[in-house]
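Undergrad: Shown below is the structure under consideration.
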Amino acid sequence: MPLITTQAEEENDYSLVASLDNVRNFSTILKAIHFREHATCFATKNGIKVTVENAKCVQANAFIQAGIFQEFKVQEESVTFRINLTVLLDCLSIFGSSPMPGILTALRMCYQGYGYPLMLFLEEGGVVTVCKINTQEPEETLDFDFCSTNVTNKIILQSEGLREAFSELDMTSEVLQITMSPDKPYFRLSTFGNAGSSHLDYPKDSDLMESFQCNQTQVNRYKISLLKPSTKALVLSCKVSIRTDNRGFLSLQYMIRNEDGQVCFVEYYCCPDEEVPESES
Amino acid sequence: MKFRAKIVDTACLNHFTRVSNMIAKLAKTCSLRISPDKLNFILSDKVASGGVSMWCELEQENFFSEFQMEGVSAENNEIYLELTSENLSRALKTAQNARTLKIKLTNKHFPCLTVSIELLSASNSSRIVTHDIPIKVIPRKLWRDLQEPTIPAAEVSIYLPLLKTMRSVVEKMKNISNHLIIEANLNGQLNLKIETELVCVTTHFKDLGNPPLDSSQNRDPEQMAEVHIDIRKLQQFLAGQQVNPTKAICNVSDKMVHFDLLHEDVSLQYFISALS
């Protein structure tokens, strides 16, 4: 591929250079957080974190660690830029969205530094596509200040158990109410829509429940429109961890296995819509 | 004016159906020219900038076991009809396992192309399904707009890559920009390029080969000929090519791109003119 080898000489000073034999190991994870046009990319020698936010209430992060890439070089401590995620995904899937058996598209990603565009080189069957995407000034991303010490309730579920529930969420309800408790109903998802209220309970000894650690009864409501996009991550994942802290902030962490069996994580943070006194649940 | 034709061979019937499906994808309305030896599906777009035109030709004896036509007059032994392409392809859908297909020009309250399909059922009894496709007879004074296009001089002529790859790439590029640049040179290289304020995407196809071209004698093989077109027109053209053609050539000049395709024995010329 002459187009790519001439780049190699100049790339020594590039802020970020990464190669991947199968572009889908990158693009699939990004699709899981694609609910807004723009994303912030943050790269260190450990890998890339891509962040998408909405309404200052919800944040999604996709982590693609260095080990996923066949080659991964970050020149400085960290490299940050803002990019149009819709365009990035269109470019990463330029050879088609549906995987053809046995056909892989290779990716080489280069970022020269602040102010430069992100360069993508994609190759499939001897055909090379070169993309040059302008980057923007990175914006401050929210710090939800979610730390394990403040976690009151935590459960780990097999994703297949939640998929149907999330795909069929009553979108006429403004909120999704999540109840987590050491006592019945243990874990309950509730909506309050035009047709009435709907409750879905998961008992703590259910087969789908991999881990159940709830210390106190918490009932929190979250804007359903902010959480609905997390369904994409849920569908791709095999396991999900659901945690709430003492402020009612929600952390959803999804474990996603890629085509080569490697594991990547996507997390969603969401702040509660309003305080709900326990007596109302 | 008279026209009646019959297909009895299953392979010919399926081939004719495929051609009709392709035409339906390429042009909503088109003209059908019937002459003693050929059938032509024609699209002639008078729009100067960015428009498309099409000339599809098939030899009638490759399809029909019986073919009789009588044109408008002895000196003008041709018939020109206008029809909605989808009506023909929909009628032919019923002909999947037909024994015979008959097409004839009729006048049932209004002029029609009547398609009669004889289907054989399990019990060996046959039934006939008839479709009356409304058509408009095109008057002779409009015929000159529907003649075989003179192939314009191209700067570069090149063999096309796998259409499936082109189709996937153009689908995605269409999300980014309406304006596409096709570049090609005599070294077998073809590029598809889009450029916006935000992003530039170029797909490079190489080792494609170039058919012999008279004007290529003095041209630098590396030099690219380029044409700027509406990406949706290219996407529509590629969507119509579900089967990979026997031969596919692309001729590029700055005024238009001309696709010269052969699907088994059916030739298709498709022209997309450059955006001004």
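Undergrad: I'm trying to understand the selection: among the residues of segment A:209-220, which are under 19 Å from A:S159 (Cβ atoms) and either surrounded by 15 or more Cβ atoms within 10 Å (Cβ to Cβ) or small (G, A, S) (or both)?
TA: A:M209, A:S211, A:F212
Undergrad: Do the conditions hold for B:K172, that is, is it under 25 Å from the mean Cα position of the chain (by Cα), assigned to a strand (DSSP E or B) and within 11 Å of another protein chain (Cβ to nearest Cβ)?
TA: In short, no.
Undergrad: Suppose we filter B:K38, B:K102, B:K93 for residues that are crowded, with 18+ Cβ neighbours inside 10 Å and either free of Cβ contacts under 8 Å to residues at least 24 places away in the same chain or under 29 Å from B:S126 (Cβ atoms) (or both); which single one remains?
TA: B:K102
Undergrad: Further question: Anything in segment A:49-78 that is under 30 Å from A:Y222 (Cα atoms) and of a type in the set (G, A, S)? List them, or say none.
TA: A:A55, A:A60, A:A62
Undergrad: Shifting gears a bit: For segment B:181-207, give me each residue that is among the hydrophobic types (A, V, I, L, M, F, W, C), closer than 16 Å to A:L92 by Cα and within 7 Å of chain A (Cβ to nearest Cβ).
TA: Passing the criteria: B:L198, B:V199, B:C200, B:V201.
Undergrad: Shifting gears a bit: Evaluate segment A:137-146: report whether one residue or more is within 14 Å of chain B (Cβ to nearest Cβ) and closer than 30 Å to B:C200 by Cα.
TA: No; the residues of segment A:137-146 include none that is within 14 Å of chain B (Cβ to nearest Cβ) and closer than 30 Å to B:C200 by Cα.
Undergrad: Determine whether B:K247 is within 14 Å of another protein chain (Cβ to nearest Cβ) and among the charged types (D, E, K, R).
TA: no
Undergrad: How many residues are crowded, with 18+ Cβ neighbours inside 10 Å and charged (D, E, K, R) if we restrict to segment B:137-166?
TA: 1
Undergrad: Does A:I64 satisfy being in contact with a strand residue (DSSP E or B) (Cβ under 7 Å, 6 or more places away or on another chain) and crowded, with 18+ Cβ neighbours inside 10 Å?
TA: Yes, satisfied.
Undergrad: Just give me the residues in segment A:114-151 being part of a strand (DSSP E or B) and out of contact with any strand residue (DSSP E or B) (no Cβ under 6 Å at 6 or more places or on another chain), in sequence order.
TA: Residue satisfying the conditions is A:E124 alone.
Undergrad: Another question, if that's okay. Look at segment B:151-169 and say how many of its residues are touching a Gly at 6+ places or on another chain (Cβ under 9 Å), of a type in the set (A, V, I, L, M) and either more than 7 Å from chain A (Cβ to nearest Cβ) or closer than 16 Å to B:Y270 by Cβ (or both).
TA: Total meeting the criteria: 2.
Undergrad: Checking B:E222 against (1) assigned to a loop (DSSP other than H, G, I, E, B); (2) at the interface with chain A (Cβ under 10 Å from one of its Cβ atoms): exactly one of these is not met. Which one?
TA: (2)
Undergrad: Can you tell me which residue in segment B:231-276 is surrounded by the fewest Cβ atoms within 10 Å (Cβ to Cβ), limited to those that are among the aliphatic types (A, V, I, L, M) and over 18 Å from B:K193 (Cβ atoms)?
TA: B:V243
Undergrad: Can you tell me which residue within segment B:175-218, out of those that are part of a helix (DSSP H, G or I) and hydroxyl-bearing (S, T, Y), is farthest from A:L104 (Cα to Cα)?
TA: B:S215
Undergrad: Among the listed residues B:S73, B:S65, B:S49, which satisfies the condition of being at pLDDT 95 or above and on the phi < 0 side of the Ramachandran plot?
TA: B:S65
The values are calculated or read from the model by the stated rules, or taken from the named source; none is laboratory data. Fair warning: this is a prediction, and the values are worked out from it, not measured in the lab. As a convention, Cβ positions derive from the backbone with ideal geometry for all residues, glycine included, and neighbour counts pool all protein chains shown.
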